[in-house]
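Nothing in this text is a laboratory measurement; each read-out follows from the coordinates by a stated rule. Fair warning: this is a prediction, and the values are worked out from it, not measured in the lab.
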Amino acid sequence: MKHQGNDTESPSDDPILLEVYTATVAYIYNVDRKCKGVLIPERLNILQRAFEMAKYSGLHNNIHPPPMRLALELVGLITRKDIATSRHASQKIKNSFSRMLPPHIITALQKLALVTKEKMAFPLDNDPSLPQYWSEHPRDKAFGANCNTFSSSSLVIQSAIYHENTM
């Protein structure tokens, strides 16, 4: 993993382009030093905290092979997401793998419906304001995910993958 901050000079006075050019990002590399993905520092910090909390709570003891390093698990997450999205031709479906509800909607659901859980989430895009989340992949326990999606009967937010025939 490597953090990089670009110069504050921009080839344009456009504030949107300025934000893109001055953003700090973390590049995730595989063992061959090939860039596998990019994360914003906020998401990297969320994943790092979740990884450490899962480790210290003993969740890593139930994963085989056990997680060794955060960087290796991040490469695994990005690779798994790339494989899942490559199975679909539609850009709408590919984009839905990274779709998150806006914070104001999650806050409203938390206040009005007392939602405290997220199902069918993924460590790269789950909402950290919700104390619990479920994932379909057992390896996501390395980041604190629950895997038995039917173990909870309370109101939840469910992140569904876009599908033309279903929508």
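Any of Lys55/Lys111; Lys119/Lys141; Lys34/Lys119 with alpha carbons more than 23 Å apart? Name them for me.
Lys55/Lys111; Lys34/Lys119
Going by amide H atoms built from the backbone, whose H comes under 5 Å of the H on Trp134, apart from near neighbours?
So Trp134 has HN proximity to Glu118, Lys119, Met120, Ala121, Asn146.
So what are the ³J(HN,Hα) numbers for region 63-72, from phi and the Karplus equation (6.51, -1.76, 1.60; θ = phi - 60°), rounded to whole Hz, Gly and Pro as x?
10, 10, x, x, x, 9, 9, 4, 4, 5
Taking 0.36 nm per residue of separation and subtracting the Cα-Cα distance, what length does fully extending Arg49 through Asn62 add?
Roughly 2.8 nm would be gained on extension.
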